[in-house]
Amino acid sequence: LHLTWTLLLPKLYTGDVRYARSIDGGKTFSVPVTINDDKRVASHSFESLVSDDGDRLAIVWLDGRDRESAKAKGETYTGTSVYVSRSDDDGASFHANYKLAEHSCECCRTALTWATEGPVALWRNVYGSNTRDFAFANLDSGSVRRLADDEWSIDACPHHGGGIASGGDDSLHAIWYTHGKNRQGLFYRQVKGDRMSEPMAFGNPQAQAGHAAVAADGRTVLITWREFDGQAYGAMTLLSKDGGASWDDPRRVATSDNAADYPIPLVRDGRMQVVWNTLREGVRIMEIE
């Protein structure tokens, strides 16, 4: 079992990315280590972790060290940076940090998946002065591509990250939220090599549909998100059994009339689940038929 989390530091908006593992099924865990190696009191947060189901791990996070360096020089720095750390021995040790991209949105969560060509990261990038659209990159090659030309120009962080998954084939499944000039709402797009499908809208914008997540295994792709109808929150799902070529109708799998987190999809060996944490009902793990 591999865990990452952000340890808050005394200075406002600062933290360290921490890691621990268990090699006995969760009975005991290793002494936590700090993944960011700059040893600065700066922002290190919104981390994602992925494994290749073998000995290789990758962790990406939003890192403020370059912004702090620019500030010390009296320079401006838009957003923050995306940094990476890798392990080749199942988390026993990690290689030195390296920078994947500069000028990312500072408070939108990152996402990671392990595809056939290696680990792939997704984050909200800053293009130009303040256009905040999503980008993704293969960590092995370092090549960065723009996911969609939404043209969302906003001098602020939307606090609304995206998601990416691979079913173990050569396809990637990406979901994101935008309120840009070219499109607004939640969208899905399949990436296969150099080809990308047309963005597919999903969710009810009138019900504040947002904070989607995606999981895949083989040809099965499961998307979850949260909606609010003015009275209660709903955990919503969208399912494809043919790798994203077609989709079932959206389903509300659970409802809560109190505070609710965002639902998380899990897909493994044909089994589909949704994890949802609400104030009144607590953590629920729901089987999806």
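Protein-only accessible surface at a 1.4 angstrom probe places the residues Arg18, Arg109 in the order Arg109, Arg18, largest first.
Heavy-atom accessible area, probed at 1.4 angstrom with all protein chains present, ranks Lys71, Lys27 as Lys27, Lys71, highest first.
In segment 6-91, which GluC sites (Glu not before Pro) are in a loop and have at most 16 other Cβ atoms within 10 Å, using DSSP for the loop call? Here the GluC sites (Glu not before Pro) that fit, given the DSSP loop and packing criteria, are Glu75. In this structure the amide hydrogen of Asp37, modeled in the peptide plane, comes within under 5 Å of the amide hydrogens of Asn97, none closer than 5 places in sequence on its chain. About its Cα centre, the dipole of the chain is roughly 600 debye, where the only charges are +1 on Lys and Arg Cβ and -1 on Asp and Glu Cβ. With θ taken as phi - 60° and the Karplus curve 6.51 cos²θ - 1.76 cosθ + 1.60 applied, the whole-hertz 3J(HN,Hα) list for segment 145-153 is 10, 7, 6, 7, 8, 5, 6, 8, 9 Hz, x standing for glycine and proline. From helices alone, the chain scores -500 deg cm²/dmol at 222 nm; the rule is -39500 (n - 2.57) for each run of n ≥ 4 DSSP H residues, then divide by the residue total.
What shape does the chain have by the C-alpha gyration tensor, where a ≥ b ≥ c are the square roots of the eigenvalues, rounded means a/c under 1.5, and otherwise prolate means a/b greater than b/c and oblate the rest? Rounded is the answer for the chain, as its axis ratio a/c remains below 1.5. Remark: the chain carries 48 Å² of accessible area per residue (probe radius 1.4 Å; ligands, DNA and RNA excluded). Within the shell defined by Cβ-Cβ distances under 11 Å, the residues around Leu147 carry a net charge of +1, with Lys and Arg each +1 and Asp and Glu each -1. Remark: accessible surface ordering of Tyr19, Tyr13 (largest first) is Tyr13, Tyr19, probe radius 1.4 Å.
Annotated for segment 26-152: lysine pairs at least 8 residues apart or interchain, Cα distance under 21 Å, count 5. Toward the positive end of the charge dipole of the chain, with +1 on the Cβ of Lys and Arg and -1 on the Cβ of Asp and Glu, the farthest Cα among Ser87, Thr113, Pro10 is that of Pro10.
Counting only residues at least eight positions apart within a chain, or on another chain, the lysines with an alpha carbon under 23 Å from that of Lys241 are Lys192. If you wrap the Cα atoms of segment 26-93 in a convex hull and average its projected area over all directions, you get 5.6 nm².
Scoring 174-184, 56-66 by mean Cβ neighbours within 10 Å over their residues and listing the highest first yields 56-66, 174-184. Dipole magnitude for segment 1-131: computed about the Cα centre from +1 point charges on Lys and Arg Cβ and -1 point charges on Asp and Glu Cβ, it is near 540 debye. A Cβ-based charge dipole, computed about the Cα centre of segment 61-103 with Lys and Arg at +1 and Asp and Glu at -1, lands at about 260 debye.
The values are calculated or read from the model by the stated rules, or taken from the named source; none is laboratory data. On a predicted model such as this, the values are computed, not experimentally measured, just so you know. Cβ: placed from backbone, ideal geometry, glycine included. Neighbour counts: every protein chain shown. Please note that ligands, DNA and RNA were not included when accessible areas were found on the heavy atoms of the full protein model with its side chains. Shrake-Rupley method; radii C 1.70, N 1.55, O 1.52, S 1.80 Å.
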